[in-house]
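Report on the following structure.
The values are calculated or read from the model by the stated rules, or taken from the named source; none is laboratory data. As the structure is a prediction and not an experimental result, all values here were calculated from the model. Note that each Cβ is placed from the backbone with ideal geometry, even for glycine, and that neighbours are counted across all protein chains shown.
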Amino acid sequence: MSEIARLELVVVRHGLTAWNRERRYQGQRDIPLLLPEALADMDRLRDALADVAFDAVHCSDLTRCRQTLAHILEGNGWQGRGATPRFDARLRELDFGDYEGRTWAALKNDPGYRAWVDSQGRRATPGGESAEDLWARLSAWLEGVLTEASESRHRRVLAVSHGGAIRELRRRLEAVDFWDGVVGQAQGRRFVFVRQEGDWQCSCSSAVPVPASATP
């Protein structure tokens, strides 16, 4: 009988920034969290993960994700038990190119912008990335996570990333529509992978934190 292994990969979005509130495209601009406004959502996320010990921790190298991870780790008993954070540019947001710093209201009548929206990410933003470009780096990162899980018998892994990156993971792993994969600030997904005969497959996923309406 073949060996069956299981991995929980929890991928969460950073907390609220001023540009989130202003509905500006942040992309790979290094925008910090909006404090103290971001704290309430991040407290809920930290509480949801407080009793979960992770074998590995990954994080986008941008400041808003670093700050979010530091808040999650603060006071949690599993920090320092071998899960040293790894900061990885592959977990960055989609590069929005010329659209970074601009709002939907300012762009909505631009034909090039409308064409990009209608393409559901198949087009690259001017000077930026397409969804396929984003998936190329995310899939390389994910392959490394799964390989390490096999070699080191990891059972739970945490990653702090961005809204567009999580949306792309959901599109590829959950087969959701491009625009339906959005998660809020300091929210994310728990992907469950099962490996049998050397092949990892995503078997299911769920929201993190669990929505209040779903709790008993």
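Would you point out which residue out of 112, 101 is more than 23 Å from residue 14 (Cβ to Cβ) and either modelled with pLDDT of 95 or more or assigned to a helix (DSSP H, G or I) (or both)? Can you show your working first?
On the way: 101 fails: more than 23 Å from residue 14 (Cβ to Cβ).
That would be 112, the only listed residue that is more than 23 Å from residue 14 (Cβ to Cβ) and either modelled with pLDDT of 95 or more or assigned to a helix (DSSP H, G or I) (or both).
Results for (1) surrounded by fewer than 19 Cβ atoms within 10 Å (Cβ to Cβ); (2) aliphatic (A, V, I, L, M); (3) farther than 18 Å from residue 145 by Cβ, shown as yes or no for each residue.
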residue	(1), (2), (3)
13	no, no, no
46	no, no, yes
58	no, no, no
62	no, yes, yes
71	no, no, yes
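Confirm whether residue 149 is aliphatic (A, V, I, L, M), more than 16 Å from the chain's Cα centre (by Cα) and more than 26 Å from residue 85 (Cα to Cα). Give the derivation first.
Values: aliphatic (A, V, I, L, M): yes; more than 16 Å from the chain's Cα centre (by Cα): yes; more than 26 Å from residue 85 (Cα to Cα): no.
So residue 149 fails the test.
Can you tell me which residue among 125, 84, 103 is β-branched (Val, Ile, Thr) and under 23 Å from residue 188 (Cα atoms)?
Working: 125 fails: under 23 Å from residue 188 (Cα atoms); 103 fails: under 23 Å from residue 188 (Cα atoms).
Only one candidate passes the filter, namely 84.
Going through 95, 30 one at a time, which residue ends up being in a loop (DSSP other than H, G, I, E, B) and free of Cβ contacts under 8 Å to residues at least 60 places away in the same chain?
Values: 95 fails: free of Cβ contacts under 8 Å to residues at least 60 places away in the same chain.
Checking each option against the conditions leaves just 30.
Determine which member of the set 83, 53, 136 is out of contact with any Ser or Thr (no Cβ under 9 Å at 6 or more places or on another chain), in a helix (DSSP H, G or I) and small (Gly, Ala, Ser). Lay out the reasoning, then the answer.
Working: 83 fails: in a helix (DSSP H, G or I); 53 fails: in a helix (DSSP H, G or I).
It is 136.
Just need a number here: residues in segment 56-75 that are in a helix (DSSP H, G or I), touching a Pro at 6+ places or on another chain (Cβ under 8 Å), farther than 17 Å from residue 95 by Cα and not hydrophobic (A, V, I, L, M, F, W, C).
Counting residues in segment 56-75 that are in a helix (DSSP H, G or I), touching a Pro at 6+ places or on another chain (Cβ under 8 Å), farther than 17 Å from residue 95 by Cα and not hydrophobic (A, V, I, L, M, F, W, C) gives 1.
Of all residues being modelled with pLDDT of 95 or more and in contact with a Gly (Cβ under 7 Å, 6 or more places away or on another chain) in segment 172-213, which is surrounded by the fewest Cβ atoms within 10 Å (Cβ to Cβ)? Just the residue, please.
Going through the qualifying residues, I end up with 183.
Of all residues in segment 141-170 being of a type in the set (A, V, I, L, M) and in a strand (DSSP E or B), which is surrounded by the fewest Cβ atoms within 10 Å (Cβ to Cβ)?
Here is the first cut: in segment 141-170, the residues of a type in the set (A, V, I, L, M) are 142, 145-146, 149, 157-160, 165-166, 169.
Next, from what is left, pick out any that are in a strand (DSSP E or B): 157-160.
On the way: 157: 22, 158: 26, 159: 28, 160: 30.
Among residues in segment 141-170 that are of a type in the set (A, V, I, L, M) and in a strand (DSSP E or B), the one surrounded by the fewest Cβ atoms within 10 Å (Cβ to Cβ) is 157.
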